[in-house]
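Participant: Here it is, the structure, as structure tokens.
The values are calculated or read from the model by the stated rules, or taken from the named source; none is laboratory data. Just so we're clear, the structure is a prediction, and the values are computed from it rather than from any experiment. Every residue, glycine as well, gets a Cβ built from its backbone with ideal geometry; the counts of neighbours run over all protein chains shown.
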Amino acid sequence: MSLYVELHQVSKVFPVGGSATGELVAAMAVDGDQEPGGGGKVAVDRVTLSITEGERIGIVGRNGAGKSTLLHMIAGISEPTTGSIRIGGKVTSIMTLGVGLRDDLSGRENIYVDGEIQGKSRTDVDRVIDQVIEFADLGQFIDYPVRTYSTGMKARLAFAMIAHVDPEILIIDEALSVGDASFSVKATARILEICARGKIVILVSHGMQSVREICNRCLYMKDGQIVMDGRPQDVTTAYIEEVRGEDEAALLQRFRAHVGNRSRRAGSQIRRICLLSGSDDIGSQRVEAHARLRIRVFGSHCSASGTAVCRVRIVRLDELLVFQQDFRLADYSFHDGEVGIEIDFDPLALGAAIYRLDAMFLECAADDSEPCSEHSTVFEVFTLTPPAGGRPMLYYPVTAAAQT
Amino acid sequence: MKQPLHSFALRCVNLGKRFAVQREQRVWRILLGMDGREKGPVIEALRDISLTVPRGEIVGILGRNGAGKSTLLRLLGQVYTPTTGHIEINGQIGGLFELGGMGNPNLTGREYATRYLRFMGVAGDSLPPVLEEIADFSELGDAFDQRIRTYSSGMAARLYFAVATAYQHEIYLIDELLSVGDEHFQTKCWRRMRERLLRGASGVLVTHDWTAVVKLCEQACVIEEGRFSFVGSSDSAVVNYLKLPIPKAGTARFPESTPAEFVLQSGKDSCIRLPVEILADTAVDCAISIEMLRVGIGWEIVILSEYHPIGDTAGSYSANFRIAALPLAPGKYSLNIFLTRRPLDGERQRVGLDCRSWTYGNGLTLRVEGNPFPAAVRLPFASRSIPAEVA
């Protein structure tokens with residue numbers, strides 16, 4: 001018998017608002033004609049999907065896109081509101097690790113009980129139990145009741161149990177991030193092993209790397225729907241692009257507290273800041289790392305003295321000051337009193353993060369002087385090719401040569 | 001001005017916690033008065049834990065799964081009573097652990113926040129602005145007025161974090177919390193914790209994420225099998241926690257003559273020359289990273305090089321890493337250097353041959369000299385004046 005998972009027009013609607021009593025009444029009135037979108041929160045919206053044996057599916061999407069809800073329905077933890085799900089094969093799911101454990105039994109006893117539930121005989125379990133225990137690596141705790149375990153230990157036991165029952169259809173929700181680093185390395189290796197045996201694996205993850213490593217097909221979910229279905233490399237790239245590309249307006253909206261323009265003195269005003277990314281003159285709040293960035297500041301400032309400066313600062317959103325420079329207004333003014341400064345970073349060496357850009361006109365460069373006017377905006381530096389081994393503050397070229 | 005009565009925010013002495021491993025019918029035993037003496041197997045979850053948290057500081061506690069971290073936090077938060085020892089607390093405690101514990105998933109985000117704040121004694125006119133602040137910080141939008149059970153786990157975590165930190169507590173007990181939400185949300189969480197610290201909060205951060213500890217704590221403890229195996233500055237605690245095995249250096253190595261300190265000039269074209277010895281014919285690569293490590297304030301990789309080939313055959317080499325117009329501000333940095341065997345086709349992991357890194361406890365220092373300037377780094381740029389019409 002070959003394994004499969006088939007979803008046909010599956011929707012899940014969670015009721016929102018209303019009273020608990022109202023919901024109870026609605027639940028008791030068995031009418032079955034609830035329609036998706038009818039006053040509830042549509043978590044999964046008419047998803048049709050067919051998975052065949054040997055497929056290892058990764059599901060990516062933002063928080064709240066409906067990934068977990070979809071998994072819950074496939075795992076049989078919740079029922080679809082409408083539509084049908086057909087499953088050939090036995091589903092094993094790792095959702096919230098440790099939920100199925102019996103608190104008063106020891107770890108060892110739990111392994112036997114779970115084996116029985118999975119339809120294994122005691123001899124079957126005896127064959128693998130040593131491996132399970134070794135994998136879980138709980139030491140003496142294996143013979144203590146599960147209620148004495150920490151969350152991480154429960155997760156390890158649960159994972160070890162599932163990983164050794166030879167699952168047919170395995171569903172994993174972010175479980176790889178559980179536990180400390182050494183355990184998650186072990187867990188990932190184990191999942192790869194299971195995958196190699198050609199069963200169906202469905203994995204929800206925020207880690208694009210693990211999706212690329214483990215899966216051979218990838219779905220991108222957005223607002224409860226599958227918006228893309230294809231090779232992991234393509235889909236994850238598209239997903240990252242799109243998430244990154246999500247409205248710059250949204251970026252500005254989200255960090256609106258950092259965006260503003262004000263003038264404290266008549267005759268001093270910063271009218272506009274624009275950011276030009278790349279070689280073309282397209283204004284952008286999103287800048288690709290390693291690319292050229294030009295910042296232009298336009299305004300006017302009437303000053304009696306010649307000491308006035310425009311101070312330009314770049315502050316990473318965690319308040320780390322990464323750039324500060326004063327430009328003497330006299331050098332950047334035109335006869336009509338207009339000021340225009342272009343600062344050219346070619347290429348911009350800043351690492352991926354969100355930054356605030358402040359420009360201010362000061363009467364003199366003394367550090368404590370009050371700005372006459374100021375203007376702030378927010379921009380993001382992103383990269384599609386993050387370096388291995390960490391996220392540096394700067395993407396700065398280091399060359400090396402060896403000599404004997 | 002109100003003077004603090006004690007110099008510490010929280011202190012515990014010889015704290016221990018044992019759990020009886022009773023099989024069943026514990027309730028009956030207690031009711032029948034049979035629990036006076038604990039018999040049978042006992043788990044010693046914690047023992048001899050002594051800890052002082054100075055006012056205005058967050059002390060880090062690093063440990064792996066099952067080391068007793070959460071038990072300790074529960075003791076400090078008075079969820080459990082200690083079996084031995086005692087705890088002194090000077091201030092109001094806000095727990096950032098077991099979040100949502102007081103929540104009923106049928107509440108809306110707003111109702112949950114209101115309930116929490118009332119519980120903490122915020123009422124009347126001071127309530128609405130705090131609620132607004134929570135709605136804004138958690139970025140839940142309209143979902144703030146929907147029930148928590150319709151939230152995804154990420155949304156719920158955002159709500160709980162926003163609520164628990166909306167109000168300035170004197171002491172925070174934090175369990176892994178700074179891993180909520182996406183990257184940008186995490187930045188916000190960090191900023192908020194920093195703000196709380198600046199306003200004089202103290203706390204305990206329990207985690208297996210060592211980067212969080214170096215960034216937030218000056219002092220840290222490593223907890224292993226229920227007891228502190230190390231107490232000291234957080235960077236030493238990290239070395240002690242990671243216990244990274246230093247490679248045997250049998251194939252290739254940085255010789256003894258490797259300088260412990262390099263001195264470079266800020267803004268100048270620079271070169272770091274590393275002596276490398278290849279002892280047996282092997283293709284060897286070398287990489288460096290420059291990290292800013294200010295214990296309790298920040299830890300960050302500033303510059304990271306790729307792996308560069310050094311040589312394929314036995315011999316003495318010099319690996320010269322060049323950085324044009326060194327973009328670092330004057331100050332002290334840690335320099336980490338790594339030697340690996342060049343991966344064969346299909347190999348995913350590099351095999352380490354030798355290293356010098358502060359996380360291994362044998363790091364090198366990089367001192368950058370020059371005139372100080374306000375920013376953390378020096379970005380190369382050019383400027384010119386342009387008329388407004390250009391845009």
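Conditions (1) touching a strand residue (DSSP E or B) at 6+ places or on another chain (Cβ under 6 Å); (2) under 25 Å from B:ASP209 (Cβ atoms); (3) at pLDDT below 70, marked per residue:
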site	(1), (2), (3)
A:GLU168	no, no, no
A:ASP173	yes, yes, no
A:VAL178	no, yes, yes
A:PHE183	no, yes, no
A:THR188	no, yes, no
A:LEU192	no, yes, no
A:LYS199	no, no, no
A:ILE202	yes, no, no
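Participant: Further question: Those residues that are out of contact with any Phe, Trp or Tyr (no Cβ under 7 Å at 6 or more places or on another chain) and either among the polar types (S, T, N, Q) or free of Cβ contacts under 8 Å to residues at least 60 places away in the same chain (or both), I need them from region B:72-89; list them, please.
Facilitator: Once the filter is applied, which keeps residues that are out of contact with any Phe, Trp or Tyr (no Cβ under 7 Å at 6 or more places or on another chain) and either among the polar types (S, T, N, Q) or free of Cβ contacts under 8 Å to residues at least 60 places away in the same chain (or both), region B:72-89 yields B:GLN78, B:VAL79, B:THR81, B:THR83, B:THR84.
Participant: Which pairs have Cβ atoms under 6 Å, sit 6 or more apart or on different chains, and link a residue in region B:129-157 that is more than 9 Å from every other protein chain (Cβ to nearest Cβ) to one that is assigned to a helix (DSSP H, G or I) and surrounded by fewer than 18 Cβ atoms within 10 Å (Cβ to Cβ)?
Facilitator: B:PHE144/B:ARG110
Participant: Another question about this same structure. So which of B:ARG384, B:ARG342, B:ARG350 ends up being touching a strand residue (DSSP E or B) at 6+ places or on another chain (Cβ under 9 Å) and either within 30 Å of A:PHE298 (Cβ to Cβ) or without any contact (Cβ under 8 Å) to a residue 24 or more places away in the chain (or both)?
Facilitator: Values: B:ARG342 fails: either within 30 Å of A:PHE298 (Cβ to Cβ) or without any contact (Cβ under 8 Å) to a residue 24 or more places away in the chain (or both); B:ARG350 fails: either within 30 Å of A:PHE298 (Cβ to Cβ) or without any contact (Cβ under 8 Å) to a residue 24 or more places away in the chain (or both).
The conditions single out B:ARG384.
Participant: Further question on the same structure: Within the set of pairs 6+ apart or on separate chains, which have a first residue in region B:308-329 that is on the phi < 0 side of the Ramachandran plot, a second that is of a type in the set (Lys, Arg) and crowded, with 17+ Cβ neighbours inside 10 Å, and C-beta atoms under 6 Å apart?
Facilitator: Qualifying pairs under 6 Å: B:PRO327/B:ARG378.
Participant: Regarding A:ASP143, is this residue farther than 24 Å from A:SER68 by Cα, modelled with pLDDT of 85 or more, at the interface with chain B (Cβ under 10 Å from one of its Cβ atoms) and surrounded by fewer than 17 Cβ atoms within 10 Å (Cβ to Cβ)?
Facilitator: Details: farther than 24 Å from A:SER68 by Cα: yes; modelled with pLDDT of 85 or more: yes; at the interface with chain B (Cβ under 10 Å from one of its Cβ atoms): yes; surrounded by fewer than 17 Cβ atoms within 10 Å (Cβ to Cβ): yes.
In short, yes.
Participant: If you take the residues of region B:44-61 that are closer than 24 Å to A:TYR144 by Cα and either crowded, with 18+ Cβ neighbours inside 10 Å or hydroxyl-bearing (Ser, Thr, Tyr) (or both), which of them is nearest to the other protein chains (Cβ to nearest Cβ)?
Facilitator: B:ALA45
Participant: Failed condition for B:VAL222, given (1) within 14 Å of chain A (Cβ to nearest Cβ); (2) over 23 Å from A:SER150 (Cα atoms); (3) at pLDDT 80 or above, with all others met?
Facilitator: (2)
Participant: Taking the conditions exactly as written (at pLDDT below 85 and either under 28 Å from B:ARG192 (Cβ atoms) or within 11 Å of another protein chain (Cβ to nearest Cβ) (or both)), does A:ALA388 satisfy them or not? Full working, then the answer.
Facilitator: Numbers: at pLDDT below 85: yes; either under 28 Å from B:ARG192 (Cβ atoms) or within 11 Å of another protein chain (Cβ to nearest Cβ) (or both): yes.
Answer is yes for this residue.
Participant: On to the next question. Out of (1) surrounded by 15 or more Cβ atoms within 10 Å (Cβ to Cβ); (2) modelled with pLDDT under 85; (3) more than 27 Å from A:GLY119 (Cβ to Cβ), the odd one out for A:VAL91 is which?
Facilitator: The single condition A:VAL91 does not satisfy is (3).
Participant: Next question, about the same structure. Going residue by residue through region A:59-69, is there one that turns out to be in a loop (DSSP other than H, G, I, E, B), closer than 23 Å to A:CYS195 by Cβ and more than 13 Å from chain B (Cβ to nearest Cβ)?
Facilitator: Let us first name the residues in region A:59-69 that are in a loop (DSSP other than H, G, I, E, B), namely A:61-66.
Now drop any that are not closer than 23 Å to A:CYS195 by Cβ, which leaves A:61.
Now narrow it down to the ones that are more than 13 Å from chain B (Cβ to nearest Cβ): none.
Within region A:59-69, not a single residue is in a loop (DSSP other than H, G, I, E, B), closer than 23 Å to A:CYS195 by Cβ and more than 13 Å from chain B (Cβ to nearest Cβ).
Participant: I've got another one for you. Take region A:347-364 and flag every residue that is within 12 Å of another protein chain (Cβ to nearest Cβ) and either in a loop (DSSP other than H, G, I, E, B) or over 29 Å from A:ALA291 (Cβ atoms) (or both).
Facilitator: Once the filter is applied, which keeps residues that are within 12 Å of another protein chain (Cβ to nearest Cβ) and either in a loop (DSSP other than H, G, I, E, B) or over 29 Å from A:ALA291 (Cβ atoms) (or both), region A:347-364 yields A:PRO347, A:LEU348, A:ALA349, A:GLY351, A:ALA352.
Participant: Residues B:ALA164, B:ALA237: which one is over 30 Å from A:PHE141 (Cα atoms), touching a residue at least 24 places away in the same chain (Cβ under 8 Å) and more than 12 Å from chain A (Cβ to nearest Cβ)? Even if it seems obvious, please write down each step before you answer.
Facilitator: On the way: B:ALA237 fails: over 30 Å from A:PHE141 (Cα atoms).
Matching residue, one of B:ALA164, B:ALA237: B:ALA164.
Participant: Here's something else I'd like to know. Do you know which residues across region A:96-117 are out of contact with any Ser or Thr (no Cβ under 8 Å at 6 or more places or on another chain), modelled with pLDDT under 85 and assigned to a loop (DSSP other than H, G, I, E, B)?
Facilitator: A:THR96, A:LEU97, A:VAL99, A:GLY100, A:LEU101, A:ARG102, A:ASP103, A:ASP104
Participant: If you check A:ASP344 against the conditions, is it surrounded by fewer than 22 Cβ atoms within 10 Å (Cβ to Cβ), of a type in the set (Asp, Glu), more than 10 Å from chain B (Cβ to nearest Cβ) and part of a strand (DSSP E or B)?
Facilitator: Values: surrounded by fewer than 22 Cβ atoms within 10 Å (Cβ to Cβ): yes; of a type in the set (Asp, Glu): yes; more than 10 Å from chain B (Cβ to nearest Cβ): no; part of a strand (DSSP E or B): yes.
Here the answer is no, as A:ASP344 does not meet what is asked.
Participant: Residue under question is A:ASP331, and the condition is that it be surrounded by fewer than 16 Cβ atoms within 10 Å (Cβ to Cβ) and under 18 Å from A:ARG292 (Cβ atoms); does it hold?
Facilitator: Taking the combined requirement at face value, the residue does not satisfy it.
Participant: Just for region A:281-320: of the residues that are among the hydroxyl-bearing types (Ser, Thr, Tyr) and not in a strand (DSSP E or B), which one is surrounded by the most Cβ atoms within 10 Å (Cβ to Cβ)?
Facilitator: Of all residues in region A:281-320, those among the hydroxyl-bearing types (Ser, Thr, Tyr) come to A:284, A:300, A:303, A:305, A:307.
Those left that are additionally not in a strand (DSSP E or B): A:284, A:303, A:305, A:307.
Numbers: A:SER284: 17, A:SER303: 20, A:SER305: 8, A:THR307: 15.
Among them, the one singled out is A:SER303.
Participant: Another question, then. Counting just the residues of region A:365-388 that are in contact with a Leu (Cβ under 6 Å, 6 or more places away or on another chain) and part of a loop (DSSP other than H, G, I, E, B), which one comes out surrounded by the most Cβ atoms within 10 Å (Cβ to Cβ)?
Facilitator: A:PRO371
Participant: Using the structure shown, decide if B:LEU197 is farther than 25 Å from B:ARG64 by Cα and within 14 Å of chain A (Cβ to nearest Cβ).
Facilitator: Working: farther than 25 Å from B:ARG64 by Cα: yes; within 14 Å of chain A (Cβ to nearest Cβ): yes.
The answer is yes for B:LEU197.
Participant: One residue is enough: does region B:310-317 have a residue meeting the conditions crowded, with 21+ Cβ neighbours inside 10 Å and assigned by the TED database to the domain that holds B:PRO259? Before the answer, list the steps.
Facilitator: Within region B:310-317, the first condition is being crowded, with 21+ Cβ neighbours inside 10 Å, and the residues that meet it are B:310-311.
If we keep only those that are assigned by the TED database to the domain that holds B:PRO259 as well, we get B:310-311.
Looking for residues that are crowded, with 21+ Cβ neighbours inside 10 Å and assigned by the TED database to the domain that holds B:PRO259, one finds at least one in region B:310-317, hence yes.
Participant: Condition first: modelled with pLDDT of 90 or more and farther than 20 Å from A:ASP173 by Cα. Now tell me which residues in region A:1-45 satisfy that.
Facilitator: A:HIS8, A:GLN9 - these are the residues of region A:1-45 that are modelled with pLDDT of 90 or more and farther than 20 Å from A:ASP173 by Cα.
Participant: Oh, and also: Which condition from (1) buried (at least 20 other Cβ atoms within 10 Å of the Cβ); (2) farther than 18 Å from B:ARG191 by Cβ; (3) of a type in the set (Gly, Ala, Ser) is the one that B:ALA166 breaks?
Facilitator: (2)
Participant: Condition first: on the phi < 0 side of the Ramachandran plot and within 10 Å of chain A (Cβ to nearest Cβ). Now tell me which residues in region B:64-78 satisfy that.
Facilitator: Here is the first cut: in region B:64-78, the ones on the phi < 0 side of the Ramachandran plot are B:64-65, B:67, B:69-77.
If the condition is that a residue be on the phi < 0 side of the Ramachandran plot and within 10 Å of chain A (Cβ to nearest Cβ), then B:ARG64, B:ASN65, B:ALA67, B:LYS69, B:SER70, B:THR71 are the ones that fit.
Participant: Sticking with this one: Please go through region A:392-404 and pick out each residue that is surrounded by 15 or more Cβ atoms within 10 Å (Cβ to Cβ) and more than 7 Å from chain B (Cβ to nearest Cβ).
Facilitator: Filtering region A:392-404 down to residues surrounded by 15 or more Cβ atoms within 10 Å (Cβ to Cβ) leaves A:392-396, A:398, A:400, A:402.
Hit for region A:392-404 is A:TYR395, nothing else.
Participant: Could you tell me whether any residue of region B:333-354 is within 25 Å of the chain's Cα centre (by Cα), β-branched (Val, Ile, Thr) and buried (at least 17 other Cβ atoms within 10 Å of the Cβ)?
Facilitator: Yes: one or more hits.
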